[in-house]
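Okay, structure first, notes after.
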């Protein structure tokens, strides 16, 4: 049932909320109670003066009776219902509920998004614990040091005939290994601990850079315009500071070729099509995609995700958006257009993809792989792939089935699967 046919339902619900009798409202607007009953049951169309009279009598804006809840809110509520079908939500009455209780409807939608975000984060952390080489190395150092100390101490305890020289050697080994254990333990705690004053975990230089950029919305105003760029504060680690400097240099180069005001206006005019924007500003497609990912949402632009990888498929930078994020420590799903682009250098790819999430997780992706850095006859070109990501409604049309990484992907029968999933096979 389309929205205009539900105007009567909204009139009835508003009248009941006010505790008004149908006959009283009919008298107030000069119609019969039977005619009002037909209107309230969506059996008569309504508009113009009568609609305004009814709205005035019930002290409500006419648009609230005709427009109802926003489409985006309705889509979010339907997606929430699809993710938990066992709850038995009355999907056919979604618009009735949202129109009558918009505050509660908004709360349900926000909580559903929050649950989805938390589930995605838990899956990513689970995947990280299984694959992160830095964590595995730290644990290996702790276990190795502890094992060495135990071996040396058991020899000292179990054999009374060891001469003084060998005892000194064992004592020295235990001391040195205990130092290694302390260093490895501190490194592990530093890796896992969250500084209370910062409120976020800085687990790697890449994550430190991405956390800084995320706090800025991936938009750096001090690098816009013709004035000399200001120097941003250095990050905690030298590696992260070096990576941020590299990002700032490229950002500045993109900003000079695609000035913010002009690019923002053109992006809206061209419905944020990266190919048209690349042609308009005479820049590589990858640069146009990077620039789109840095446009502020407060200027009327949608939230874009971004992923960049090197020729080996390792993620070097990404901007996550709700529902989208590629694993940093484990191998990501090879079906993403980002990795497909590496097999087709200089060939643009535009695909809709669908994550294994009921009622959501659908994105439009633009990707291209191209040489990065200066050309040289002495060394092969360094390939870099860029992928721009934008959430789109789940229209039910064709889309490529993708996942995050095999370990936490529930899809069955995927020919690209590298290892069994730790999740129940439900998809």
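Where a number appears in this text, it was derived from the coordinates with a stated rule and is not lab data. Please read all numbers here as calculations on a predicted model, not as lab measurements. Every residue, glycine among them, receives a Cβ derived from its backbone with ideal geometry; neighbour counts consider all protein chains shown.
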Simple spin-label model, 7 Å along Cα-to-Cβ: residue 44 to residue 165 in nm? 11.3 nm
Residue 185 versus residue 22, label points 7 Å from Cα toward the beta carbon: distance in nm? 7.7 nm
When ranked by the protection proxy of mean other Cβ atoms within 10 Å per residue, highest first, what sequence do the peptides 350-357, 108-115 form? 350-357, 108-115
For the peptides 76-85, 255-264, 335-344, what is the packing order when you average, over each peptide's residues, the other Cβ atoms within 10 Å and list the highest mean first? 335-344, 76-85, 255-264
In whole angstrom, largest first, the equivalent ellipsoid semi-axes that the Cα gyration tensor gives for the stretch 3-111 are 29, 13, 12
Starting from the alpha-carbon convex hull of the stretch 201-408, give the projected area averaged over all orientations, in nm². 12.9 nm²
